[in-house]
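Scroll down for the structure; my scribbles are underneath it.
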Amino acid sequence: MQPLTRRTVLSSTAAFAATAALSSCDGSGGDSEAQEKIDNPDDNINAEGMPIVDEKITVTMMTRRSPDTAEDWNEVASMQEMEQISNIHIEWGPIPWEQHEENRNLAITSGDYPEVLHRTGMNAVDIAQYGEQGTLIVLNDVIDQYMPNLTALLDENEDIRKGLTFPDGNIYSLPTIYDPDFDALNMQTKMWVRQDWLDQFGMDPPSTLEEFEAYLVEVKNGDPNGNGEADEIPYSAGNPDQFVQLFHSTFGIATRGLSSGYIDADESGALRFWPTADGYRDELEYLQRLYADGLIQQDIFTTDAASYNTLGQEDVFGAAAGQSPSAYFGSEIGENYIALPPLRRTAGDDIPAWNMVYSPLKFIGQFVVTDRAEHPIEICRWADYFYGDEGARLFFMGIEGESYEETEDGYELLEHITDNPDGLSVNEALRPYVTYLGGSYPGLVLEDYFRGTESSPQAREGTDVVAPHQTEEVWPLFTYTAEEAGELSSITLDMNKLVSESQAKFITGEMSMSEWDTYVGQLEQMGLDRYLEIQQEAYDRYRG
């Protein structure tokens with residue numbers, strides 16, 4: 001297993017909960033039936049190695065299924081292999097990707113939920129509430145006794161262990177962990193511009209806001225694709241968040257990366273809610289001007305990824321936010337794009353820190369075991385396989401000899417995957433072999449095996465441009481007590497909605513920047529002060 005240690009990124013991935021809280025952790029699950037099963041395993045369970053059980057068992061899950069994956073995961077080669085070696089059959093219980101949160105919450109409310117909620121994106125607020133009330137079982141003991149792969153990762157990186165541990169000292173979920181050395185995964189989205197169009201205009205790659213705007217103006221007016229039509233779209237993105245996020249570094253917001261949501265630290269190190277910061281207002285004002293001048297795709301807040309990819313393949317984008325234009329627009333067009341380092345406000349400024357960075361503790365709520373678990377040890381032993389080297393290779397590459405092979409340079413996908421004779425994309429060709437497509441999975445993501453877009457040569461080249469500037473400290477989302485979670489649940493719903501809707505309205509000009517104070521006042525009325533008090537308490541625990 002590769003060691004997961006790295007400069008200050010992992011040190012900052014840290015503790016959602018106080019170090020003092022960790023010392024109070026006794027791993028007790030109370031009197032739950034699931035805890036009783038952990039304390040008194042039956043004879044069918046093998047404590048280590050494979051198979052996990054001697055006589056086959058069935059585990060029930062609720063699983064958010066990405067449309068990128070096969071309809072029946074029991075027909076997927078890697079999962080068939082996992083069933084064979086573990087002797088555990090999974091009833092996946094697939095639910096629609098778009099309706100996962102609604103379906104999950106309805107199931108919990110009705111009491112009709114399975115042993116595992118899998119890839120349903122439970123957040124820290126929900127985990128705190130459902131954990132303390134007993135819907136989710138405490139995993140401390142089963143991790144320590146039956147999950148050697150995950151335990152090794154937590155022992156090597158105490159900050160990840162802290163990040164999983166709630167203020168009551170308990171771990172209620174199994175995480176997604178990104179290899180901290182996998183820069184292209186931890187810094188996925190970049191700003192891409194057309195080198196060939198820059199050459200046409202006699203321009204250098206833009207390095208400031210003014211130069212970037214000037215380039216967009218040339219794209220709009222200069223017919224760089226040469227078709228005699230004014231069909232160029234100066235700037236777009238696959239989703240409306242990305243095209244805004246790429247300017248956060250320039251305007252000094254989201255200074256602790258992408259994983260901590262709307263919480264960051266200002267120049268003095270004080271905690272803040274950055275959607276009320278002056279830098280965010282300046283960013284919106286700049287984007288509002290670009291939008292008003294037709295330099296941003298005019299329907300960007302209502303378009304989708306499929307439309308974005310189609311337009312990119314039509315050779316119309318001057319600048320695009322994403323992981324790799326070649327992966328989405330095709331190599332003939334996509335290879336013309338180059339990545340930009342973080343833009344400076346003015347020519348006299350230093351290059352700002354690159355804030356588009358994820359914490360290696362990417363998700364904490366993609367695998368939770370409920371109090372309905374008939375097989376808590378078996379479930380966790382099954383999940384633990386995917387935190388080890390063999391399991392990660394199976395999960396991301398499929399079956400040796402069928403979808404990948406070992407070469408002198410490492411493990412590589414076979415040609416019928418990478419250059420499919422039927423014209424299928426790599427992801428389409430992988431569908432019969434793996435279930436990771438679409439993301440949001442628990443487990444360990446290792447650079448040696450992950451073959452998503454982030455692993456492509458262009459994505460790596462783009463990462464090399466921004467990585468030297470990455471922010472020194474990256475926070476995860478904080479964790480909360482059940483009482484704090486209850487308050488946040490009622491406050492954040494309205495606040496998050498207002499921030500999202502106002503962002504679109506400010507940029508499109510539906511709201512004037514003169515309405516900024518009104519917007520901030522609305523957030524204050526919704527409970528911003530109390531929100532910040534709770535976040536400060538969580539931050540103080542984070543700092544230990």
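Under the condition of being among the small types (Gly, Ala, Ser) and open to solvent by 10 Å² or more (accessible area, probe 1.4 Å), which residue from the stretch 261-276 is farthest from Met495 (Cα to Cα)?
The extreme case among them is Ser268.
Glu400 passes all but one of (1) farther than 25 Å from Asp183 by Cα; (2) in contact (Cβ under 8 Å) with a residue 24 or more places away in the chain; which number fails?
(2)
For Ser440, indicate whether it is at positive phi and modelled with pLDDT under 95.
yes
Only one of (1) assigned to a loop (DSSP other than H, G, I, E, B); (2) free of Cβ contacts under 8 Å to residues at least 24 places away in the same chain; (3) of a type outside the set (Lys, Arg); (4) buried (at least 20 other Cβ atoms within 10 Å of the Cβ) fails for Leu198. Which number is that?
Of everything listed in (1) assigned to a loop (DSSP other than H, G, I, E, B); (2) free of Cβ contacts under 8 Å to residues at least 24 places away in the same chain; (3) of a type outside the set (Lys, Arg); (4) buried (at least 20 other Cβ atoms within 10 Å of the Cβ), Leu198 misses just condition (1).
Just checking, does the stretch 172-195 include any residue being charged (D, E, K, R) and part of a loop (DSSP other than H, G, I, E, B)?
There is at least one residue in the stretch 172-195 that is charged (D, E, K, R) and part of a loop (DSSP other than H, G, I, E, B).
Please pick out the residue among Thr463, Thr492, Thr481 that is β-branched (Val, Ile, Thr) and open to solvent by less than 10 Å² (accessible area, probe 1.4 Å).
Thr463
So for the stretch 143-164 (the condition being under 19 Å from the mean Cα position of the chain (by Cα), in contact (Cβ under 8 Å) with a residue 12 or more places away in the chain and over 16 Å from Ile364 (Cβ atoms)), does at least one residue qualify?
no
Being in contact with an Asp or Glu (Cβ under 8 Å, 6 or more places away or on another chain) and farther than 17 Å from Val316 by Cα is the filter; apply it to the stretch 186-203 and report the residue that is modelled with the lowest pLDDT.
Gln188
Kindly indicate whether Gln298 is open to solvent by 10 Å² or more (accessible area, probe 1.4 Å) and within 27 Å of Ser425 (Cα to Cα).
no
Taking Val426 as the residue in question, decide whether it is of a type in the set (Val, Ile, Thr), open to solvent by 40 Å² or more (accessible area, probe 1.4 Å) and closer than 30 Å to Leu174 by Cβ.
Answer is yes for this residue.
Which ones in the stretch 301-328 are assigned to a loop (DSSP other than H, G, I, E, B) and either modelled with pLDDT of 95 or more or more than 30 Å from Gln522 (Cα to Cα) (or both)?
Glu314, Asp315, Val316, Gln323, Ser324, listed by residue number.
In the stretch 36-80, what residues are under 30 Å from Pro96 (Cβ atoms) and free of Cβ contacts under 8 Å to residues at least 24 places away in the same chain?
The answer is Glu71, Asp72, Asn74, Gln80.
Any idea how many residues of the stretch 227-257 are of a type in the set (A, V, I, L, M) and open to solvent by 40 Å² or more (accessible area, probe 1.4 Å)?
So the count comes out to 1.
Quick grid of which residues meet (1) part of a helix (DSSP H, G or I); (2) under 29 Å from the mean Cα position of the chain (by Cα); (3) modelled with pLDDT of 95 or more:
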{"residue": "Val59", "(1), (2), (3)": "no, yes, yes"}
{"residue": "Asn74", "(1), (2), (3)": "yes, yes, yes"}
{"residue": "Glu102", "(1), (2), (3)": "yes, yes, no"}
{"residue": "Asn105", "(1), (2), (3)": "yes, yes, no"}
{"residue": "Thr109", "(1), (2), (3)": "yes, yes, no"}
{"residue": "Met122", "(1), (2), (3)": "no, yes, no"}
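For the stretch 386-495, please list each of the helices (runs of 4 or more DSSP H) lying entirely inside it that holds at least 3 residues being of a type in the set (D, E, K, R).
Ranges flagged: 389-397, 457-466.
Could you list, ordered by first residue, the pairs with Cβ atoms under 6 Å in which the first is in the stretch 436-460 and under 20 Å from Glu405 (Cα atoms) and in contact (Cβ under 8 Å) with a residue 12 or more places away in the chain and the second is crowded, with 22+ Cβ neighbours inside 10 Å and hydroxyl-bearing (Ser, Thr, Tyr), at least 6 apart or interchain?
Close Cβ pairs (under 6 Å, with a partner that is crowded, with 22+ Cβ neighbours inside 10 Å and hydroxyl-bearing (Ser, Thr, Tyr)) amount to Val445/Tyr178; Thr453/Ser324; Ser456/Ser324.
Of all residues in the stretch 136-186, which are open to solvent by 20 Å² or more (accessible area, probe 1.4 Å) and either closer than 25 Å to Gly49 by Cβ or among the aliphatic types (A, V, I, L, M) (or both)?
Across the stretch 136-186, the qualifying residues are Asp141, Asp144, Gln145, Tyr146, Pro148, Asn149, Thr151, Ala152, Asp155, Glu156, Arg161.
With Glu283, Glu218 as the choices, which residue is in a helix (DSSP H, G or I), more than 16 Å from Thr471 (Cβ to Cβ) and open to solvent by less than 40 Å² (accessible area, probe 1.4 Å)?
The conditions single out Glu283.
Do you know which of the residues in the stretch 495-544 that are of a type in the set (Ser, Thr, Tyr), more than 30 Å from Phe166 (Cβ to Cβ) and free of Cβ contacts under 8 Å to residues at least 12 places away in the same chain is surrounded by the fewest Cβ atoms within 10 Å (Cβ to Cβ)?
Residue satisfying both the conditions and the ranking: Ser514.
Of Ala17, Ala70, which residue is at pLDDT 90 or above, within 29 Å of Lys362 (Cβ to Cβ), open to solvent by less than 60 Å² (accessible area, probe 1.4 Å) and of a type in the set (Gly, Ala, Ser)?
After ruling out the rest, the residue left standing is Ala70.
Could you please give the count of residues in the stretch 329-354 that are over 20 Å from Ser455 (Cβ atoms) and outside any strand (DSSP E or B)?
15
Please pick out the residue among Gly269, Gly226 that is over 27 Å from Ile364 (Cβ atoms) and assigned to a loop (DSSP other than H, G, I, E, B).
Gly226
Arg372 - would you say it is basic (Lys, Arg), more than 30 Å from Asn40 (Cα to Cα) and surrounded by fewer than 19 Cβ atoms within 10 Å (Cβ to Cβ)?
Answer is no for this residue.
The values are calculated or read from the model by the stated rules, or taken from the named source; none is laboratory data. Computed from a prediction, not measured in an experiment: that's the story for all the values here. Reconstructed Cβ throughout: ideal geometry from the backbone, glycine too, with neighbour counts over all protein chains shown. Note: accessible area is taken over every heavy atom of the protein model, side chains too, but ligands, DNA and RNA are not part of it. Shrake-Rupley method; radii C 1.70, N 1.55, O 1.52, S 1.80 Å.
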